[in-house]
């Protein structure tokens, strides 16, 4: 009976709406964690590339792939910070609706996060394979 009316904190609350709010809240929490993981992995990848690149490969070939990889990871970090910041500023609150443009900016930032991360990983993998089998 998700549509039962219950009393909570001296207000009338629809339990069906409570379930939607809880579900939405859990989605936001999981998405925040997801963005944090992507930005952490990307930041770590940039640091590892900067520290170990010359030590692993004495004369690396196709160095431009490293630049593409670093750029991809950097885009991931910046876009994740933008998406995370907008999502925090527009955290679901009772009675406050988000603007349509905010959702569009978050979507674009998440899309850039994915594109940056995938391009960073793929270009790094190609670079490593090329230099391992040289």
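The values are calculated or read from the model by the stated rules, or taken from the named source; none is laboratory data. In this text the structure is predicted, and so the values were computed from the model without any measurement. In this analysis, Cβ positions are derived from the backbone assuming ideal geometry, glycine residues included, and neighbour counts consider all displayed protein chains.
Things to note:
- Only one of 47, 65 that is more than 28 Å from residue 29 (Cα to Cα) and more than 16 Å from the chain's Cα centre (by Cα): 65
- Residue count for segment 44-63 satisfying the condition of being in a helix (DSSP H, G or I) and either surrounded by 19 or more Cβ atoms within 10 Å (Cβ to Cβ) or touching a helix residue (DSSP H, G or I) at 6+ places or on another chain (Cβ under 7 Å) (or both): 4.
- Test: residue in segment 16-31 that is modelled with pLDDT under 90, in contact with a helix residue (DSSP H, G or I) (Cβ under 6 Å, 6 or more places away or on another chain) and either surrounded by 10 or more Cβ atoms within 10 Å (Cβ to Cβ) or farther than 20 Å from residue 125 by Cβ (or both): no
- Test: residue in segment 125-133 that is modelled with pLDDT of 90 or more and exposed (fewer than 13 other Cβ atoms within 10 Å of the Cβ): yes
- Annotation note: of 77, 66, 70, the sole residue that is part of a helix (DSSP H, G or I), within 15 Å of residue 111 (Cα to Cα) and in contact (Cβ under 8 Å) with a residue 24 or more places away in the chain is 77.
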